[in-house]
2 protein chains.
Amino acid sequence: MTTASAPGKIILFGEHAVVSGVAALGGAIDLRAKVTLQDLPGKVLIETEDLALSGFSMDLITGQLMSSDAVHATRYVSAALREFEIRDISVKIESDIPPAAGLGSSAAIVVATVTAINEHLGLGLSRKEIASTAYHIEKRVQNGLGSQMDTALATFGGYCRVTREVQPIDLPQLDLIVGCTKMSHDTFSEVEKVQRLKECYPDVVEPIFQAIGAISERAVPLIREQEMSRLGELMNLNHGLLEALGVCTRELSELVYAARNVGSALGAKLTGAGGGGCIIALPQTGPREALMAALRQARGSAFAVKTGCEGVRLESDS
Amino acid sequence: MTTASAPGKIILFGEHAVVSGVAALGGAIDLRAKVTLQDLPGKVLIETEDLALSGFSMDLITGQLMSSDAVHATRYVSAALREFEIRDISVKIESDIPPAAGLGSSAAIVVATVTAINEHLGLGLSRKEIASTAYHIEKRVQNGLGSQMDTALATFGGYCRVTREVQPIDLPQLDLIVGCTKMSHDTFSEVEKVQRLKECYPDVVEPIFQAIGAISERAVPLIREQEMSRLGELMNLNHGLLEALGVCTRELSELVYAARNVGSALGAKLTGAGGGGCIIALPQTGPREALMAALRQARGSAFAVKTGCEGVRLESDS
């Protein structure tokens, strides 16, 4: 039996603009997906348990109806098994990361699966090879749309700065509150929407991307020096620019304003592709209950995360 | 007896960014302020009747308590009377324009008052001199903060494009729906907020201003050719950029999303300084009741306006 776990991620700054080559900044979070492999002669069994949003579900690849969350998880695992031509195995997936919410759930599952396979079969892949293989698997499942940031953070943890390439960057931990709209989103259609806007109005959208890139660059020293109120202002600025790009929704906007006005957050923004999914809010120091309550009152789910957390690891009980 | 009336205005695009010299676009609307002068030996009486938000109120300059809307109106009229050293007069103000909502109520009152004085005393001021005098009066009352756009539109009507200077621009009428938060705003503090943001983060805010300027320039041919769905997209883009500048509020955001999602507006944005005041929404062709109902459901007041309307005029019954 081999178990590996990998973290989810949040994008702190720079989503969407990053496709034009300006900087984005993301961090691994302390929610993880855990994948356990066990030999099972003559069968392939993928079992998903305790997936964050839909509870228990079970399936043979050729088999029964599953919840949509389970379908989500098993697609990535199946692709990883095909990549390495693996049969005679049972795979158990346990994840704390809400799927399809922009929190890197699928990258965490793929990276944990590839890492477990690497260990189980003694393939000797380096971390870099694991990240790269996982990226290509995720991209294939998502019809060509993959995020190097997601698989890099799931593999290496910490933070990374992304421009044309992904660079790890050493920054201290941040405590954030995530608010989820409970509405899943389609990353592909949000990316397309922004690209169409850019083609129609390049003289409007290119300066927006430039402003977003400047925010990402400014955020790095502010996180390093823990200048929280400034960081909150940048989150608010970035949120408005994402609103301009058309990827905010009424529900996301309500969570953002609830966090700022009712929850006294220093700043709040949508995170990830938008069109649904989550916001992140930067709480004041002290108890965060009021902020979490404000988000729940605004019809969201709310939980605390830390950023800059550990990357993929083999679990000791394996 | 001399009566003059002048229109309110809406800013279509470019608010806040215009202070940096990029283009803004505004139009006179079909809500008007009417000012009637009558000789009244030995007294100065300023009477405000049917002011849009607070109904009837009456006052001698040295006299009684008035509603805040009446104070608002009488400050500008008093300043105009002082400018021309006028006594022995009664001034009656009637206005359809909600005060302190970013709809140019004070400029309309000042321009109508100066025009009535000009006629009543036979001063022979040109329209250009009326606009300029009104601008200086408004600026003095507002402690140095005046909008040339407001007094120019109240005087000349139609549309104007503002950069460093104000230029009239010939464009066809637009039908818009205004949604008011019923929260008055402080233009000065919103302008200060944006200026502070610009000083802190010039590399972020200057590209935002540039994007807003590009939106204003693009809007002109779209209004000319009545390309409504494109125009709506630009309104949404501009709204997000104002959100980034920190001048949107939860209430304004709720009206904007109600207009777009429930009212099927082609686009919606806050108009004016923000921090309260109003949004404008571009309705689809056909009945507008659903859009107005959506705004009212979102706790706003709603009314239809046309833009590009007539400037100040003497009323025939005078």
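Every listed requirement among (1) under 17 Å from A:Ala24 (Cβ atoms); (2) buried (at least 20 other Cβ atoms within 10 Å of the Cβ); (3) at pLDDT below 90 is met by A:Arg164 save one, (2).
Here B:Leu282 fulfils each of the conditions (1) over 28 Å from B:Gln167 (Cα atoms); (2) away from chain A (no Cβ under 12 Å) apart from (1). It is to be established whether one or more residues within the stretch A:124-145 are at pLDDT 90 or above, outside any helix (DSSP H, G or I) and among the hydrophobic types (A, V, I, L, M, F, W, C). Looking through the stretch A:124-145, at least one residue is at pLDDT 90 or above, outside any helix (DSSP H, G or I) and among the hydrophobic types (A, V, I, L, M, F, W, C). Annotation note: Cβ proximity below 6 Å between a residue of the stretch B:211-239 that is at the interface with chain A (Cβ under 8 Å from one of its Cβ atoms) and farther than 14 Å from B:Ile169 by Cβ and a residue that is surrounded by fewer than 24 Cβ atoms within 10 Å (Cβ to Cβ) and of a type in the set (Asp, Glu) (sequence gap 6+ or interchain) occurs for B:Ala214/A:Asp203. Note on the stretch B:185-210: among residues that are more than 8 Å from every other protein chain (Cβ to nearest Cβ) and part of a loop (DSSP other than H, G, I, E, B), the one that is surrounded by the most Cβ atoms within 10 Å (Cβ to Cβ) is B:His185.
Within this structure, B:Leu270 fails the test of being crowded, with 24+ Cβ neighbours inside 10 Å, within 11 Å of another protein chain (Cβ to nearest Cβ) and either assigned to a helix (DSSP H, G or I) or touching a residue at least 12 places away in the same chain (Cβ under 8 Å) (or both).
Here is a yes/no grid of residues against (1) modelled with pLDDT under 95; (2) more than 22 Å from the chain's Cα centre (by Cα):
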{"site": "B:Glu199", "(1), (2)": "no, yes"}
{"site": "B:Ser216", "(1), (2)": "no, no"}
{"site": "B:Met235", "(1), (2)": "no, no"}
{"site": "B:Asn238", "(1), (2)": "no, no"}
{"site": "B:Thr285", "(1), (2)": "yes, yes"}
{"site": "B:Leu291", "(1), (2)": "no, no"}
{"site": "B:Leu295", "(1), (2)": "no, no"}
{"site": "B:Arg299", "(1), (2)": "yes, no"}
{"site": "B:Val312", "(1), (2)": "no, no"}
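For the structure I just gave you, tell me whether B:Ala211 is of a type in the set (Gly, Ala, Ser) and touching a Ser or Thr at 6+ places or on another chain (Cβ under 6 Å). So B:Ala211 does not fit the description; no. When the test is whether a residue is under 12 Å from A:Ser5 (Cα atoms) and out of contact with any helix residue (DSSP H, G or I) (no Cβ under 6 Å at 6 or more places or on another chain), A:Lys128 does not pass it. The residue pairs whose first member lies in the stretch B:128-152 and is more than 20 Å from B:Gly26 (Cα to Cα), whose second member is of a type in the set (Phe, Trp, Tyr) and buried (at least 20 other Cβ atoms within 10 Å of the Cβ), and whose beta carbons are closer than 6 Å, counting only pairs six or more residues apart or on different chains, are B:Val141/B:Tyr76. Considering the conditions (1) part of a loop (DSSP other than H, G, I, E, B); (2) more than 12 Å from chain B (Cβ to nearest Cβ), A:Cys248 is excluded by exactly one of them, (2). Quick one: which strands (runs of 3 or more DSSP E) lie wholly within the stretch B:1-88 and hold at least 1 residues that are modelled with pLDDT under 90? Fully inside the stretch B:1-88 and qualifying: B:44-51, B:55-60. Of all residues assigned to the stretch B:101-122, none qualifies as being part of a loop (DSSP other than H, G, I, E, B), of a type in the set (A, V, I, L, M, F, W, C) and surrounded by fewer than 20 Cβ atoms within 10 Å (Cβ to Cβ). Scanning the stretch B:277-284 turns up one or more residues that are part of a loop (DSSP other than H, G, I, E, B), in contact (Cβ under 8 Å) with a residue 12 or more places away in the chain and within 23 Å of A:Leu237 (Cα to Cα).
The values are calculated or read from the model by the stated rules, or taken from the named source; none is laboratory data. In this text the structure is predicted, and so the values were computed from the model without any measurement. Methodologically, a virtual Cβ is constructed for each residue, glycine included, from the backbone with ideal geometry; neighbour enumeration extends over all protein chains shown.
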